[in-house]
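The values are calculated or read from the model by the stated rules, or taken from the named source; none is laboratory data. Keep in mind that what you see is a predicted model, and the values were worked out from it rather than measured. Because the Cβ atoms are built from the backbone with ideal geometry, glycine has one as well, and the counts that use them run over all protein chains shown. Note: accessible area is taken over every heavy atom of the protein model, side chains too, but ligands, DNA and RNA are not part of it. Shrake-Rupley method; radii C 1.70, N 1.55, O 1.52, S 1.80 Å.
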Amino acid sequence: MQEQNRYEYAVLRFVPRVEREEFINVGLAMMCKRKRWIKVCILIPEGKLQAISPDTDREAIARQLQSFVDIAEGKRGAGPVAQYPVEERFRWISAVKSSVIQTSRPHPGLCDDLEATFSRLFAELVE
């Protein structure tokens, strides 16, 4: 019997006006320490963004979100955090922030297939 993978995930959120506490789910971060696996994907839903914050600078938000992807992928140009071990990168990505890009609290789980689980969670929580 194959051992299951323990993972953690957090939903990335765009919060245009922090004081109103309204947000749009715009991405997912997931990590498995044992497998040294981390993945972040983003999707900015244009219709929801237009409805909740029509004056948002979409390019600026996309750049900020891309930095999370770059850190997860360990890209050299993404700064020193991108060179940390996957669990530390995930902790940085999922740390509490009071900016327009925030994350949910991390949630744990067990699965056989990290990629399939990521795809399912992304479809349920972001798409």
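Computed quantities for the displayed model
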{"item": "For the range 53-64, 3J(HN,Hα) per residue [Karplus equation, 6.51 cos²θ - 1.76 cosθ + 1.60, θ = phi - 60°, Hz, x = Gly/Pro]", "result": "7, x, 8, 5, 7, 4, 5, 5, 5, 4, 5, 4"}
{"item": "Cα-centre dipole for the range 1-86 with unit charges at Cβ (Lys and Arg positive, Asp and Glu negative), debye to 20", "result": "500"}
{"item": "Stokes-Einstein translational diffusion, the chain - Kirkwood Rh over all Cα pairs, 1.306 mPa s, 10 °C, in µm²/s", "result": "105"}
{"item": "Theoretical FRET efficiency, 1/(1+(r/R0)^6), r = Cβ-Cβ of Arg58 and Trp37, R0 25 Å, to 0.05", "result": "0.25"}
{"item": "Carbon + sulfur, % of accessible area of the chain - ligands and nucleic acids excluded, 1.4 Å", "result": "50"}
{"item": "Unit charges on C-beta of K, R, D, E only; dipole of the range 68-111, Debye", "result": "100"}
{"item": "Spatially proximal aspartates and glutamates relative to Lys48 (Cα-Cα < 18 Å; intrachain offsets below 8 disregarded)", "result": "Glu21, Glu22, Asp57, Glu59, Glu124, Glu127"}
{"item": "Taking the convex hull of Cα positions in the range 65-127, its mean projected area over all directions (nm²)", "result": "5.1"}
{"item": "Average accessible area per residue (Å²) across the chain - probe 1.4 Å, nucleic acids and ligands excluded", "result": "59"}
{"item": "Spatial separation of Cα centroids for the range 1-60 and the range 67-98, in angstrom", "result": "14"}
{"item": "Cβ-based charge dipole, the range 1-122, positive-most Cα from Pro54, Ile24, Phe68", "result": "Phe68"}
